[in-house]
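Let me begin by presenting the structure, written as structure tokens, before commenting on it.
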Amino acid sequence: MKIMLVVSSMGSGGAERVAASLVNAWAQRGDTVTLVITYSGRGACFYPLAENVRCIFLADRVQAGARMLQYPARFRALRALIRESAPDVVVSFLSNVNITTLLATRGMGIPVIACEHIDPSADGRSALVRQMCRFVYPSADLLTLLTDNMEASFRKMVPRVKRIEVVPNPLPDELLLLQPETVEKSARRRLVAVGRLNTQKQFDLLIDVFATLAPEFPDWDLWIWGEGPERAVLEAQIAQSKMGERVLMPGKTTTPWEEMARCDAFVLSSRYEGLPMAMLEGMALGLATVAFDCKSGPRELTRDGQDGLLVPPGDKAALIDALRRVMSDEALRNELGRKAAASVRQRYSSSAILRQWDGIFAQLGARTRGDEGKGTAYRRTVAGEKA
């Protein structure tokens, strides 16, 4: 099968990691895979790609020029590339790329799957992007979401959307092959958070929470992995709270799972998420997890109290109490981590998620051969509908 995946960049973010996992899995089993990067300039991908993944930066196909002229040029380049490659299916990631890809494939008869990772009721997307989604998304053969509870928001924003399927992100095979018990632990206890240093992740709140707990737990440190625009602000906050030796922000890493495996507990303090990959990966590595019950993802990943602890979004006092429970009780940490790993490693394995994608591809393939009756079979039944 010829699959084209279109993304805006291949930096160090969670969506980019998922893109790499998917194209590698498809290529390694023999599919012909093209990865198209629409926005970022020429350069290497942060996450390694299989040798037989064809990776194309649209920047290589357009002449440098004024920024306002770049979008039309890249749009034309994308449309020409899709026509030239003639894929069996095109998969696109996130709103801006979805809109561009759906417009670029108009009139080609190629099935397009638009993938959304964030609940639009929480992510603050602009009015223009919302209107473009409302106008363009009905032309998608399928819209995929990461969690069930995102569906109502998208049906409100795009009432004429054809079909919606919930397809979670897979855990990378490399993570599942890692044996956390073989990774040397730090001499000091580590509470870990991972993500882009921006306002969405609320690391400022997390630093305040840890500063409150630090005197009670002198053998614990907070490690925040990631980069982003809030670094200087967060560093100033750490210095002001005199936490410089207890709160560390080492930046990006090419070995995130080994670094997480050195830790003792994971915390997610976000305002909103889609399906938080860092949290999923921490649970898969057997880390006891405490998370804000934000939109969306943490509730889907956990069975609250059994394999992770959820607290009301933004409730600093509740987060302090939950972290205190986990940091003070090694037996609880071990139990939460063991149950978390057993649960998510099965539900979110790449083989399980790829089976979902294969079912979708098969149905879209039937549609392209004119079998419209079968083309409706993959619509997920919702309350009140007949299957």
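The values are calculated or read from the model by the stated rules, or taken from the named source; none is laboratory data. Computed from a predicted model, the values in this text were never measured in an experiment. A quick note on method: Cβ atoms are made from the backbone with ideal geometry, for glycine too, and the neighbour counts reach across all protein chains shown.
Take the residues in the stretch 39-58 that are part of a loop (DSSP other than H, G, I, E, B) and modelled with pLDDT of 90 or more, then tell me which one is surrounded by the most Cβ atoms within 10 Å (Cβ to Cβ).
Of all residues in the stretch 39-58, those part of a loop (DSSP other than H, G, I, E, B) come to 39-52.
Pick out the ones that are also modelled with pLDDT of 90 or more and you get 49-52.
Numbers: Leu49: 18, Ala50: 13, Glu51: 8, Asn52: 14.
Among them, the one singled out is Leu49.
Just to be sure before I move on: is Glu151 at pLDDT below 95 and farther than 24 Å from Val23 by Cα in the structure I sent? Talk me through it step by step, then tell me what you get.
Working: at pLDDT below 95: yes; farther than 24 Å from Val23 by Cα: yes.
The answer is yes for Glu151.
Name every residue in the stretch 251-265 that is assigned to a strand (DSSP E or B) and farther than 12 Å from Gly195 by Cα, in order of residue number. Can you show your working first?
So in the stretch 251-265, the residues assigned to a strand (DSSP E or B) come out as 251, 265.
Of everything in the stretch 251-265, just one residue is assigned to a strand (DSSP E or B) and farther than 12 Å from Gly195 by Cα, namely Ala265.
What are the residues in the stretch 214-231 that are outside any loop (DSSP other than H, G, I, E, B) and either out of contact with any helix residue (DSSP H, G or I) (no Cβ under 8 Å at 6 or more places or on another chain) or crowded, with 18+ Cβ neighbours inside 10 Å (or both), if any? Explain how you work it out, then say what you get.
In the first step, residues of the stretch 214-231 are kept if they are outside any loop (DSSP other than H, G, I, E, B); the result is 214-216, 220-225, 231.
Listed by number, the residues that qualify are Ala214, Pro215, Trp220, Asp221, Leu222, Trp223, Ile224, Trp225, Arg231.
Quick grid of which residues meet (1) of a type in the set (A, V, I, L, M, F, W, C); (2) over 18 Å from Leu146 (Cβ atoms); (3) modelled with pLDDT of 95 or more:
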| site | (1), (2), (3) |
| --- | --- |
| Ala291 | yes, no, yes |
| Ser296 | no, no, no |
| Asp304 | no, yes, no |
| Gly308 | no, no, yes |
| Gly314 | no, yes, yes |
| Val326 | yes, yes, yes |
| Arg347 | no, no, no |
| Ala366 | yes, yes, no |
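All but one of (1) closer than 30 Å to Asp88 by Cβ; (2) among the aliphatic types (A, V, I, L, M); (3) under 21 Å from the mean Cα position of the chain (by Cα) hold for Leu309; which doesn't?
So Leu309 meets the others, but not (1).
Go through the stretch 241-299 and count every residue that is of a type in the set (S, T, N, Q) and under 18 Å from Glu174 (Cα atoms). Walk me through how you get there before you give the answer.
Keep residues of the stretch 241-299 that are of a type in the set (S, T, N, Q), which gives 241, 253-255, 269-270, 289, 296.
Narrowing further to those that are under 18 Å from Glu174 (Cα atoms): 253-255.
Of the residues in that region, 3 qualify.
To keep it simple, each residue is scored yes or no on (1) exposed (fewer than 15 other Cβ atoms within 10 Å of the Cβ); (2) touching an Asp or Glu at 6+ places or on another chain (Cβ under 8 Å); (3) at pLDDT 95 or above.
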site	(1), (2), (3)
Glu181	yes, no, no
Val247	no, yes, yes
Thr254	yes, no, no
Glu259	no, no, yes
Phe266	no, no, yes
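Conditions tested, residue by residue: (1) within 23 Å of His117 (Cα to Cα); (2) free of Cβ contacts under 8 Å to residues at least 60 places away in the same chain; (3) in a helix (DSSP H, G or I).
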position	(1), (2), (3)
Ala211	no, yes, yes
Val233	no, yes, yes
Ala236	no, yes, yes
Lys242	no, yes, no
Leu248	no, yes, no
Gly274	yes, no, no
Ala278	yes, no, yes
Glu281	yes, no, yes
Gly286	no, no, no
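Of Val36, Val23, Val6, which residue is β-branched (Val, Ile, Thr) and part of a helix (DSSP H, G or I)? Give the steps one after another, and end with the answer.
Working: Val36 fails: part of a helix (DSSP H, G or I); Val6 fails: part of a helix (DSSP H, G or I).
None of the others qualify; the one that does is Val23.
Which condition number in (1) among the acidic types (Asp, Glu); (2) without any contact (Cβ under 8 Å) to a residue 24 or more places away in the chain; (3) within 24 Å of Arg347 (Cβ to Cβ) is the one that Asp315 fails?
Failing condition for Asp315: (3).
Looking only at the stretch 70-86, count every residue that is under 29 Å from Val166 (Cβ atoms), in contact with a helix residue (DSSP H, G or I) (Cβ under 7 Å, 6 or more places away or on another chain) and surrounded by fewer than 22 Cβ atoms within 10 Å (Cβ to Cβ) and tell me the total.
Number satisfying all stated conditions: 1.
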